[in-house]
Every structure is written in C-alpha cells, then in structure tokens.
Amino acid sequence: MIALLTQAINLFAALLLILAFAMITQRRVLNLVHLFTAQGLALAAATLDVGYLTAQPHLYASAAATFLLKVVLLPALLHRLINRLQVRWDVEPLLNAPLTMLLGIVLVVFAFNLATPIAALASSVARSTLGIALASVLLSFLMMITRARAVAQVIAFLSMENSLLFAATAATNGMPMLVELGIALDVLMGFVILGVFLFQIREQFDSLDTRHLERLREE
Amino acid sequence: MNMFASATAELPLTVLLASPFAGALLLALIGHSRIGAAINVLASAVAAGCSLWLAAIIARDGASTAYGELFFVDPLNVFLVALTAFVGFTTSIFSRPYMRIEVEHGRMTAPRMRLYHAMYQLFLAMMLVALTTNSLGVLWVAMEAATLCTVLLVSIYRTPAALEAGWKYFILCGVAVLQALFGTVLLYLAADRVIGSGAGALLWTHLDAVKTELEPTIMSLAFVFLLLGYGTKAGLVPVHHWLPDAHAEGPTPISAVLSGLLLNVAVYAILRCKVLAEGALGNGLPGRAMVAFGLLSVLLAAFLLHRQRDIKRMFAYSSIEHMGLITFAFGLGGPIANFGGLLHMTMHSLTKSAIFFAVGHAAQKAGTQAMDQIRGLLQISPTVGWGLMIGSLAIVGMPPFGVFASEFVILTSAMRQLPWAAPLLLLALAVAFAAIVARVQPMVFGETAAMKRLPHPPALVPVFTHLGLGLALGLYIPPFLISWYMRAASLIGG
C-alpha cells in the first residue's frame, strides 16, 4: 500500500506536467479553465498523498484548502468571469504551436538538470518529482510570455502558482501552515483584483488583447 | 533565543502594526467622507510615533523578538521602520490637499477616494509587517500583499495608460514574487536539513544562527531566485520595466511612497537573504551578484534619464539609479560600504519623496506631466519652484546635502574595494547630474507658461521638512545616529 502511494505521487506529478503542456497549446478559453481545474485536483491529491505518507496532519488541511480554492472557488469565479466577459467560446490564435512545444521540451530538460542536484539533497518522500515541479513552473512561465489574451495570462499566472506549491510539497513535504495560508490569501486577493482589472481593460480598450497595452514605451 | 528581551518591545510594535490596519478598516467604510484624509493622517501619525518609541526601546535594550519569535526587531530593521512610518506620515499630510485637488479636477470620485485611503493604510501596514516579521515566509506574503495594494493604487485613475501601467506592474511583479516564493521554498529546504521542518525553519533568527551549516548548492540557487524576485520589486535593471510606468501613471503620493519606501523594503528583503547566503556559501558570490546588478542599474538608468519627457518618469529612472547604487554598496559589503548603503537609503527616501511632493503640485499647476510644457514655476509659485530645484540639486548629489555624504562614502569604499567600478559610478553620476539639472532648470526658471491656480493651497511643509532633514544630516550626523548605523551595518556583515 505504501509503495503504491509513493508511486501515486509520481503519477500526480506526471499529470501536472502533461496538463502544463496541454495548457500551452490550448486555444479555447473554456478548455483552459477545465485544464486549470484538473491541475488543482492533481495538486490537492498529491498534497493529500504526501500528507498521508509522512503522517503530517497539517498537509491534510493544506490539501483541503487547495481543493476548496483551486478546484471549487477559483474555477467557479473563472467561469463567472468568462461568462460575464463573454469570452467563454473564444478561440485564441496561437503563434506557431509546434515551436512552442519544442521550446517546452527544452525547458523540461533544463529543469530536470537543474533539479537533480537539489533533489539528491532533499529528504522528502516526493523528491524525485522536484524536476517535474520546476518544469511545470517554467512551462507556465512560457505560456505567460506567449499568450496575448489577458484571460490566458491570468490562468498561466495561477498555474505557475500551482506548480510552485507542488514544488514546495515535493521538496520539503510542505511549507509551514502560516505561510501556506498567507499564500492562499494572496492568490485569492490577486485573482479578485485581476478579475476587476479585466473588466476595466475591456471597458477601456474594447478588447482583452494585451497587445493594446503597449503604448507606454521608453521615450 | 532567550538573550532577547521581549516584553518591552511588544506594546509599541502592536500599536505600530494595529494602527494602519485599523485605519485601513475604518477608511474602507468612510474613506470618501470629509474626514477620510484626516483619519489617514492620524493613523499614519500614530504609526510614526510608535516607530520612534520602538526605536528608542531597541536603542536602549538591543535586538528583541516579540509574539513568540514571530516578530523580530533589531537596529537594522527598526531604522527602516522609523523611516517608513515617518515618510508614510508626511506623505499622508501631502496627500490631503493633493487628492482634494484631484477630486476637483474630476480625476477622483468618492468610491475611488475610499479605495485610495484604505489601500494607502493597508500598504503601509504590509510594509511594516514585512520589515518587522521574523519569518521569511511571512515576509514574502507581506511583500506580495503590498504589491497587490499598490497595483490598485497605481491604476486608480482608470485611464488607458493607468490600466496599462497597473497590468504591467501586476504581471511583472507577480512573476517576480513567484520567483521569490520559489527561492523561499529552496531556503526552507536548506533549513529543513539543519533545523528540521516546522515553522521554526523559516525564522530568520534561527536561520542566522545556523547559516554556516546550510547546504551551499541549495542556498546559491535559492539566492539567485530571491535576488531576481525581490530585485524586480527594487527596480533593478534588467527587471525594472514596471517601475517608470507605475510611478508616472499613479497618483503622486503613491509615486512618493513607492520610490521612498517600497523599494527600500525590497532591498531590505534582499539584504536579509544575502546575510544567510553569504554565511552558507562563504565565497562572496552573493555580494558579487549584487554588485553586478547594482552597477548595471546605475549605468543604464543614468543614460535613460536623458531620454525622458515625462517629469515623473524621469525621477522614476533616478530612483532606479539610486537603488542600483544602494545594491552596489551592500554588494561590496564591509562596515564602511554597508554604512554608506544604509545612509543612502535614508537620504534617497527623504529627498526623493520631497521631490515627488513638489513635482505633484507642479504637474497639477501645469495640467500636464510633460516637462517641455512646465515652465517658469518660480514666478507662479516660488515655494513649489524652489522645492523642486533644491530637491533636484540634493538628489544629484550636490554638497552639502545628505545624498552627497552617502554617495561620497560609497564611492570611497568602491575605490578601495573595487577600483575599476569607481570611474563607472562617477561617470553615471555625472550623466545623471547633467540630465536632471538640464531638465529641471528651465522648468523652474524659464519663461512662464499659462498655469492654473490650484483650488486648494498645496501642503509644502513635508517638502521642506524632508529637504531640511536631508540638509541637516548632510552637514552633521549626530554621534548616536552614526553608532546606530554602524551597528546596523555590522548586522549585514560581509
């Protein structure tokens, strides 16, 4: 049973990585929200798993908080947001999907190399997945750079935060409770502010394409 | 950690943190009313008073923890706490007539005033938490929360340019704080191996005690991420792009506290991490990284100063330059360079916020921030004109102002420790001098353009208080202040 659960962490980690890849090339806004929800679910499951294996009750609380925030609350808010912005069925043109994928693979190789020496020093149960966590962080970062639409950038930001939390769980069996609560609060606040922002941007520019936001330049 | 006395510092610390939080809560309800601005001033005044009280206690008893080691106050952060609370207080005085004029000009409405006042206090509270907390995790949380508050403040005019500045600020600093979070995770991983897991492993006092045992491989990577993350918040080149936009598009009181306070807090965060990384690595690598970032920022910002047309953007680039200089000084390390860096933090805060106060009223009178349309301030309003002129002379490092003294200390230590960097610094300072004086001179002395009369008298007491303090400290630094800076400098080590 224990061996199975240890393997399960690797499974969840692999899921996270696949979801991160899927997000990079996903053109439909609605599907992005679904992928984000699935990512939150994988993160919550991984946290629960690590909590059970290391017998740390505070990770159960953390997993519950992740579930509530990332699987229930934020997706619900995202659905409301894309409904009210009427971008639910939007399809975003992507610049050169194969090239982005290739870049993603390079990032993964880089992340694995970077993480190997650190993972060797860590003593956590999930240390072998640190490379995957780092790779997901970099992939979300790539998505943030390559996307032009504001909603996609917001989702990339949230997904980057998901990957970082997974990195924290993988490397250290979870951060102290106080810090995790603070992070969750900041993410929620940040998301609400971003949501308000999106409406204002659309009102001002009649579009959610952030390429309109490039007027302030170096003189 | 029983060597720290704790009970005496707890009361002033509690009031210090509670007053801006209470202010934020109250102002969230009635911030738009006539007394909103007065409450804003009052809450900031209470915080400023408590910060002095706290400083007096720390000066008497030495470093102290409070609330079961959750907070930690030593000579290094208490001086920044006092500076932050003081500038927060004077800015709230300046903000009162300034924002009233903005309301009359139709740029602010009642709901926006409420948001503005509440966020101003929350922002102050978050910076004070970031400065006084002992946990590096809470430091991260407070920095992120302070960023979120300022995003709302920067975009408060809701114009296309303000929204763009706010969005850029959010995305860039959002990515930056996530990098800092990863750095914090790595730090926790390193601490985990020595101290064991739990909240204690992120407490700075615990980490400081075992810093030589922290795993060097992990710490070097952690420091890279922390430097990148918090360095973005400090406006270091090449991750400075949010800073000029945020300064130019937000309300001027916010430009003043961004430049004068938030950048300092970000540098403080880097310093705390640098002490740990330096202890773990023992090879001076963190210091050298800071020297490189600092030097690059000073040089690039000085040359970009020439290309600015917007007055607030120009002084924003000047802030990048000075933050670079401060980072450079702390990167050099050693008691003298650290002393210079701390002094420069103080002088830059006081002078730059004074300049922004004067700039704010000048831009209101001219109805624009474009420098070629602001002319002849001296004839229209001698106090604003002189404030801007004296402030500009102070910031470019003219003697006898305080900035000259701190730049002199930094330059001499650069000549001693890193001789090849000194001419580069001198070049940058000369370029910045030429750029700022050439721009400010016609604005102050030139032919008069049509300027508006302001519906309310501007608050110029803060401008001249700050400049007076800068001048006084340039002429004479009292011995107790010197010994204090020396103690703080020794804490940074290196």
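With 28 Å as the limit on Cα-Cα distance, the pairs of B:K211/B:K233; B:K168/B:K352; B:K168/B:K452; B:K211/B:K352; A:K70/B:K312; B:K352/B:K452 that go past it are B:K168/B:K452; B:K211/B:K352; A:K70/B:K312. Under the criterion of Cα pairs below 8 Å and six or more residues apart, the relative contact order for segment A:2-212 equals 25 percent. The mean number of Cβ atoms from other chains found within 10 Å of a Cβ in peptide B:180-186 is 6, as a whole number. Any idea what diffusion coefficient chain A gets from Stokes-Einstein, in µm²/s, Kirkwood Rh on alpha carbon pairs, 37 °C, 0.692 mPa s? The calculation lands on 183 µm²/s.
Take each peptide in B:33-39, B:74-80, A:183-189, count the other Cβ atoms within 10 Å of every residue, and average; sorted highest first, the result is B:74-80, A:183-189, B:33-39.
Inter-label distance, A:H79 to B:R60: 6.1 nm, where each label sits 7 Å from its Cα along the C-beta direction. Scoring B:303-310, B:344-351 by mean Cβ neighbours within 10 Å over their residues and listing the highest first yields B:344-351, B:303-310.
When the Cα atoms of segment B:286-357 are aligned to their principal axes, the ranges along those axes come out at 38, 23, 13 Å in descending order. Per-residue 3J(HN,Hα) values for segment A:172-187, derived from phi via the Karplus relation 6.51 cos²θ - 1.76 cosθ + 1.60 with θ = phi - 60°, read 10, 6, x, 7, x, 4, 4, 5, 4, 4, x, 4, 4, 5, 4, 4 Hz in sequence order (x marks Gly and Pro). Across the protein assembly as shown, the volume of the C-alpha convex hull divided among the residues equals 143 Å³ per residue. Approximating the spin labels as points 7 Å out from Cα along Cα→Cβ, the A:T54-to-B:H456 distance works out to 5.3 nm.
Taking other C-beta atoms within 10 Å as the exposure proxy, B:W140, A:W89 rank A:W89, B:W140 from fewest upward. Only Cα pairs under 8 Å and 6+ residues apart enter the sum, and on that basis the relative contact order of chain B stands at 15 percent. Calculated [222 nm] ellipticity per residue, helices only, for chain A: -26000 deg cm²/dmol; basis is -39500 (n - 2.57) per DSSP H run with n ≥ 4, divided by all residues, nearest 500. Residue ranges B:369-377, B:451-459 sort as B:369-377, B:451-459 when ordered by packing (mean number of other C-beta atoms within 10 Å per residue, highest first). Karplus-based coupling profile of segment B:156-168, in residue order and whole Hz: 5, 6, 6, 7, x, 5, 5, 5, 5, 4, x, 5, 4, with θ = phi - 60° in 6.51 cos²θ - 1.76 cosθ + 1.60 and x standing for Gly or Pro.
Under 5 Å between amide hydrogens, built in the peptide plane, is the criterion, and for B:F71 it picks out B:A66, B:N134 among residues at least 5 positions away or on other chains. Counts of other chain beta carbons within 10 angstrom of each beta carbon in peptide B:160-170 average 5. In segment B:365-393, whose amide N lies under 17 Å from the spot 7 Å out along Cα-to-Cβ of B:A430? List them in ranges. Of the residues in segment B:365-393, none has backbone N under 17 Å from the label point off B:A430.
Counting Cβ atoms of other protein chains within 10 Å of each Cβ in A:191-199 and taking the mean gives 3.
When the helices of chain B are scored as -39500 (n - 2.57) per DSSP H run of n ≥ 4 and the total is divided over every residue, the value at 222 nm lands at -26000 deg cm²/dmol. Computed from phi, the 3J(HN,Hα) profile of segment B:200-212 under the Karplus parametrisation 6.51, -1.76, 1.60 (θ = phi - 60°) reads x, 6, 10, 7, 4, 4, 5, 4, 4, 5, 10, 4, 6 Hz, with x in place of Gly and Pro. According to the Cα-based calculation, Rg over Rh for segment B:177-332 is 1.04, with Rh computed by the Kirkwood formula.
For a modelled paramagnetic label at A:I18, 7 Å from Cα along Cα-to-Cβ, the residues of segment A:125-144 in reach, with backbone nitrogen under 19 Å, are A:129-137, A:139-140.
The Cα-based radius of gyration of segment B:394-494, divided by its Kirkwood radius, gives an Rg/Rh of 1.09. Here the label points at B:A438 and B:W420, each 7 Å from Cα along the C-beta direction, are separated by 2.9 nm in the simple model. Fully extending the segment from B:H105 to B:L70, taken as 0.36 nm per residue of separation minus the present Cα-Cα distance, adds 8.1 nm.
Normalised size of segment B:7-492, defined as Cα radius of gyration per 2.2 N^0.38 Å with N residues, equals 0.92. Evaluated over the Cα positions of segment B:1-122, the convex hull gives a direction-averaged projected area, one quarter of its surface, of 7.4 nm².
Since every read-out is calculated from the coordinates, none of them should be taken as a lab result. The structure presented is a predicted model; accordingly, all values stated were derived computationally and were not measured. Glycine gets a Cβ as well: all are built from the backbone with ideal geometry, and neighbour counts include every protein chain shown.
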